[in-house]
Amino acid sequence: MPAQTDSNIPAWLDTGANVFSSIGTVGAFAVAMYLLREEHQREELHDEENRRSQAVKVSAWVEARPLPHGGREVAFNVHNASDMPIFEVSLPMPVPGEDGEAHEAEFIGLVPPGQTIQRAAPKEWAASYFSPEPVEIEFVDSSGQHWTRDEQGVLTRQGDVQAATRRRSVRSLITPRRRRPARS
């Protein structure tokens, strides 16, 4: 039996095999890119859940509390159920001041882990108080992310402007500035 050589294979069969091989390669590449994209989205979701893990455990509300000498006062409550402290805590509700301008209602600063901080609300709040209700809160978590939770409980991550500003400041100290040559 004579040995077969490449010259015995018809040209169209060789071309068809190459086309089929090329289509298979492109298909494998497309599937790999699809799976890579899915994995990337899964990692992004996991990263976002990690970023939110502390922030979802922070809440704020207004509630009446009894006074030791009788009566009651309305108080802001900020609860941090996480294992880490939260910083720069503020309740950004406009309260008209004596000058008619709106002022921030309360700045708390730090709330330790597992604690609830209470602060008396302005007296104007007592007139309209009916029952406990959530209030807007802004804070920075232990990783430096700035968060806002609105009155409906929606949690939103804000841009980390302060950290970016600090990084730029430090970078400007470390990186020498290039001086432009003097033009004659």
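The values are calculated or read from the model by the stated rules, or taken from the named source; none is laboratory data. Everything numeric here is computed off the predicted structure, so don't read it as measured data. As a convention, Cβ positions derive from the backbone with ideal geometry for all residues, glycine included, and neighbour counts pool all protein chains shown.
Quick rundown of the values:
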{"quantity": "Subset of the range 110-161 (residues that are in a helix (DSSP H, G or I), touching a residue at least 24 places away in the same chain (Cβ under 8 Å) and of a type in the set (Gly, Ala, Ser))", "calculated": "Ala126"}
{"quantity": "Val95, sole failed condition from (1) closer than 21 Å to Glu63 by Cα; (2) in contact with a helix residue (DSSP H, G or I) (Cβ under 7 Å, 6 or more places away or on another chain); (3) modelled with pLDDT of 80 or more", "calculated": "(3)"}
{"quantity": "Of all residues making up the range 108-143, the number that are within 22 Å of Met84 (Cα to Cα) and of a type in the set (Gly, Ala, Ser)", "calculated": "4"}
{"quantity": "Some residue of the range 13-27 being surrounded by 10 or more Cβ atoms within 10 Å (Cβ to Cβ) and within 33 Å of the chain's Cα centre (by Cα)", "calculated": "no"}
